[in-house]
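The values are calculated or read from the model by the stated rules, or taken from the named source; none is laboratory data. Predicted model only: the values in this text are computed from it and were never measured. A quick note on method: Cβ atoms are made from the backbone with ideal geometry, for glycine too, and the neighbour counts reach across all protein chains shown.
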Amino acid sequence: MTVDVDVIAIDGPTASGKGTVASLLAQQLGFHYLDSGALYRLCAYACLKHGVDLADEKDCGATASSLAPVFKEGRIFLEGEDVTEAIRQEAVGIAASKVAMLPAVRAALLGVQRAARKAPGLVADGRDMASVVFPDAKLKVFLTASASSRAQRRYKQLIDKGISANLRDLTRDLAQRDERDRKRAEAPCIPAPDAHMLDSSGLTVDETVATVLAWWKRLGA
Ligand code: C5P
């Protein structure tokens, strides 16, 4: 692991705004950006495509180990197929939270995530960035937002992407996904003891980014 490269870990529940905030921070700091959720989504997508039972740890782990996604010009390809939009579907998110419960899947994806730690720095977004993947991250943020504002945001994101959605179903699915992510035995989505807590319910994206940047500057970084 390239431990001398700074990492900012942004963890938090589904649709808390982590992705948007983390990628803007990376842009502003000129850092690399790791969307770790995309890896779990890619694994789930491959399992669904090949009819792998999402509860079968051995087969899901083997699928995770053999994943060879290609990230090119903002698009994601898997087995030659452009899956950029497909992996954002709610059904894939739900399947991702199922395979993410399996220790063999988490172990298989650990190396890929750590390999993203490259100079001049990395902003990593996920559930266990601060607790498991980069426990020595220089700044750890746990981003939350109320359940209703998260459901509204996810609804808007999906509609904006032309993906059909229903707010009531989304609210229920988010709650189930949160519960699975929070209660799983391996790498549960809970704040690291040394994480800064940030509730973005009443904040704009710019205000949220500015808060994290101020914490980062305070560290003398
Ligand atoms: O962040 P995103 O919604 O894309 O993640 C999809 C799912 O992948 C999450 O619900 C979670 O179960 C899993 N995940 C995880 N650990 C991460 C990132 C995502 O378990 N670091």
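Just wondering, is there one or more residues in segment 163-177 that are buried (at least 17 other Cβ atoms within 10 Å of the Cβ), within 15 Å of the ligand (Cβ to nearest atom), within 16 Å of the chain's Cα centre (by Cα) and assigned to a helix (DSSP H, G or I)? Looking through segment 163-177, at least one residue is buried (at least 17 other Cβ atoms within 10 Å of the Cβ), within 15 Å of the ligand (Cβ to nearest atom), within 16 Å of the chain's Cα centre (by Cα) and assigned to a helix (DSSP H, G or I). The criterion of being surrounded by fewer than 20 Cβ atoms within 10 Å (Cβ to Cβ), at positive phi and at pLDDT below 90 holds for residue 220. Filtering segment 26-42 to residues that are near the ligand (Cβ under 9 Å from one of its atoms), in contact (Cβ under 8 Å) with a residue 60 or more places away in the chain and assigned to a helix (DSSP H, G or I) leaves 36, 37, 39, 40. Per the conditions (1) more than 10 Å from the ligand (Cβ to nearest atom); (2) at pLDDT 95 or above; (3) outside any loop (DSSP other than H, G, I, E, B), the sole criterion not satisfied by residue 67 is (3).
Please indicate, with yes or no, whether at least one residue in segment 130-138 is touching a residue at least 12 places away in the same chain (Cβ under 8 Å) and away from the ligand (no atom under 16 Å from the Cβ). Within segment 130-138, one or more residues are touching a residue at least 12 places away in the same chain (Cβ under 8 Å) and away from the ligand (no atom under 16 Å from the Cβ). Scanning segment 194-206 for residues that are surrounded by 11 or more Cβ atoms within 10 Å (Cβ to Cβ) and in a helix (DSSP H, G or I) yields a total of 1. When we screen 191, 120 for residues that are under 16 Å from the mean Cα position of the chain (by Cα), of a type outside the set (A, V, I, L, M, F, W, C), surrounded by fewer than 20 Cβ atoms within 10 Å (Cβ to Cβ) and more than 22 Å from residue 47 (Cβ to Cβ), the only hit is 191.
Screening residue 76 against (1) among the aliphatic types (A, V, I, L, M); (2) within 24 Å of residue 181 (Cα to Cα); (3) within 13 Å of the ligand (Cβ to nearest atom); (4) touching a residue at least 24 places away in the same chain (Cβ under 8 Å) leaves a single unmet condition, (2). For the residues 123, 112, 83, 92, the requirement of being within 9 Å of the ligand (Cβ to nearest atom) and either among the aliphatic types (A, V, I, L, M) or at pLDDT below 95 (or both) singles out 92.
Taking the numbered list (1) under 16 Å from residue 186 (Cα atoms); (2) assigned to a helix (DSSP H, G or I); (3) under 15 Å from the mean Cα position of the chain (by Cα) in turn, residue 104 passes all entries but (3). Quick one: is residue 210 more than 26 Å from residue 7 (Cα to Cα), in a helix (DSSP H, G or I) and modelled with pLDDT of 90 or more? In short, no.
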